[in-house]
Amino acid sequence: MSSGAEQPAQSEDASPSRNPVDRPGWKRDVAIFLSGQTVSLLGSMLVMYAVMWHLTIVTGSGTVLMLSLVFGMLPQAVVSIFGGVWADRHNRKLLIMGADTAIAVATLVLAFLMLSGIDSLWVIYTALAVRSIFAGIQTPAVTAMIPQIVPEAQLMRVNGMFQSVQAGMMLLAPAAAAVIYANMDIVAVFFIDAATALIGVGLLAFIRVPTIVRSGEGPETYFGDLVAGVRYIRSHSSVKWLTGLFALVMLLTGAPGYLTPLLVAREFGEEVWKLTVNELAWGVGFLAAGALVTVIGPKIRRRIRFVVFALLASAVLTATLGLSPNLLVLCVLGALVAATYSLMNAPTMTILQERVEPEMQGRVFGFVGIVMATAMPISMIIFGPLADVWSERTVIIFAGTLLVATLIGIFSIPSARRSLAAVDAPVAEGRGAGTPAS
């Protein structure tokens, strides 16, 4: 990926299109894309749960979980700075395929190292960091590619389907990871992940992705493109506020979500089935909300009000999560928190996909990826060690209460209300981002 690349990536389908309503085969491409993502996500989530449980059971330390998240997500934030630019300058499909392949190779190396007896925490941290690096390339390319193959009128529905796929994997992966981890070991999970990644790459190869034609205006260097992306977000207030709210929710709900396994292990028992039930509950919430968005998404007219409601509900439910008297209540509340996150995420991604010009989407979603990658580690850096000093309940209640107060403060700012209200206005014909700076 040399810095001299100036032309857009070419693909099998040479017809540029922002809104491919009439492009033959778009339903086939979406079906293949979702199938490939399903298989690939299954392997990735098997690793995520297996590593989290392995570290929880072996160490029982909130600090160790915090470090695993830092190494697993912070590199993605750094690389996403450039990954978004690459997604706007190169073939997005090939970027996704290359990143998935590299992740599979890194996972295989970790598996063989652990088979040889090298199983220190730093080996796991290093592998998580390498996987995170290539996720920083893959994630903005995936999100930016969706509107290339999906008609604009169907974006909300397909985003709901994509979230349902992710939620379905959250239901299947914990159970599968528990069976594999309990009956074999964590190395078996790594081999399965590598295989699923390569299957996903193979399926993606069959998708026809239209070419994005750059306007030819503006900078021609990576740094110049990066600066242009920053200026774009800064000058479009709706994009700026939506990204900020997304970051806030990730920051203040991320750590409580990751601390629930510690709460289960310390107060309700360390049995693997209890950890599995907790994760399954969150998956049920994600799946139900994703299915709901798939069905009613295109009918939602005031989407920003829908997002705001989900944000406030997420904050209140997160605080309530810390009051759970038993495992059943904890699971029910966890499912509701997960549902509110899905109800916020799909409309937010759809709004950005509709309002951001195609040639800028890689950079915008690259910065969204930075938010997603940094918010969780920062959250765990703050709240993870606190869980070793305070009770998990106190940390979770504090985070949820702080989110409620911060959201109320933001929605009391006139410029924020104006910018977010403008999102509900129809997108002007021929424009990507419909909200000027205010």
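Any read-out appearing in this document is the output of simple, stated calculations on the displayed coordinates, not a laboratory observation. On a predicted model such as this, the values are computed, not experimentally measured, just so you know. Counting neighbours? That spans all protein chains shown, and the Cβs are built from the backbone with ideal geometry, glycine included.
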Fewest-first sequence of K93, K299 by Cβ atoms within 10 Å of each Cβ | K299, K93
So for segment 324-382, using the alpha carbon gyration tensor with a ≥ b ≥ c as root eigenvalues (a/c under 1.5 gives rounded; past that, a/b versus b/c decides prolate or oblate), I'd call it oblate
State to the nearest 20 debye the size of the charge dipole of segment 55-152 about its Cα centre, where the only charges are +1 on K and R beta carbons and -1 on D and E beta carbons.
-> 120 debye
Value of [θ]222 nm, deg cm²/dmol, for the chain, DSSP H segments ≥ 4, -39500 (n - 2.57) each, nearest 500 = -26500 deg cm²/dmol
Given the peptides 324-330, 117-123, arrange them by the average over their residues of other C-beta atoms within 10 Å, most packed first.
-> 324-330, 117-123
Segment 221-295: spread of alpha-carbon positions along the three principal axes, whole Å, largest first, is 53, 33, 22
For the chain, averaging the sequence separation of alpha carbon pairs under 8 Å that lie six or more residues apart and dividing by its residue count, the contact order in percent is 28 percent
Along the dipole axis of the chain (charges at Cβ: +1 for Lys and Arg, -1 for Asp and Glu; origin at the Cα centre), the most positive-end residue among A87, T401, A195 is T401
Segment 173-205 versus segment 87-106: alpha-carbon centroid distance in Å = 19 Å
Would you mind checking segment 378-394 for residues with the amide N under 20 Å from a putative spin-label position 7 Å along Cα→C-beta of V329?
-> 391-394
Reachable lysines, given that their alpha-carbon falls under 26 Å from the alpha-carbon of K93 and they are not under 8 places away in the same chain = K27
For segment 51-107, what class follows from the C-alpha gyration tensor (a ≥ b ≥ c being the square roots of its eigenvalues): rounded when a/c is under 1.5, otherwise prolate if a/b is larger than b/c, else oblate?
-> oblate
Name the residue farthest towards the positive end of the dipole of segment 93-196 from the options G168, A178, P140, assuming +1 on Cβ of Lys and Arg, -1 on Cβ of Asp and Glu, about the Cα centre.
-> P140
Given +1 on the Cβ of Lys and Arg, -1 on the Cβ of Asp and Glu, and no further charges, what dipole in debye does the chain carry about its Cα centre, rounded to the nearest 20?
-> 1220 debye
Amide H to amide H under 5 Å from E357: which residues, 5+ apart in sequence or cross-chain, H placed 1.01 Å off N in plane?
-> G432, A433
For the T101, R301 Cβ pair and Förster radius 45 Å, calculated FRET efficiency rounded to 0.05 is 0.60
GNM of the chain, Cα pairs under 10 angstrom: of R208, R418, R92, the biggest fluctuation goes to R418
Roughly speaking, what is the stretch gain from A188 to V389, that is 0.36 nm per residue apart minus the C-alpha to C-alpha distance, in nm to one decimal?
-> 68.9 nm
Residues E357, E271 arranged by fewest to most Cβ contacts within 10 Å = E271, E357
State the answer as a single residue: which of T253, G322, F309 lies farthest towards the positive end of the charge dipole of segment 242-393, with beta carbon charges of +1 for Lys and Arg and -1 for Asp and Glu, about the Cα centre.
-> F309
For segment 349-413, shape from the Cα gyration tensor axes a ≥ b ≥ c, cut at a/c of 1.5 then a/b versus b/c, turns out oblate
Residues R301, R266, sorted so that the one with the fewest Cβ neighbours within 10 Å comes first | R301, R266
In the chain, which helices (entire DSSP H runs) extend 24 Å or more along their own long axis, judged by Cα positions, while averaging at least 0.0 on the Kyte-Doolittle scale?
-> 26-59, 62-89, 92-115, 121-149, 155-183, 186-204, 237-263, 272-296, 303-321, 327-355, 361-383, 392-411
Can you work out the FRET efficiency for the pair K27 and L94, with r the C-beta to C-beta distance and R0 = 30 Å, to the nearest 0.05?
-> 0.85
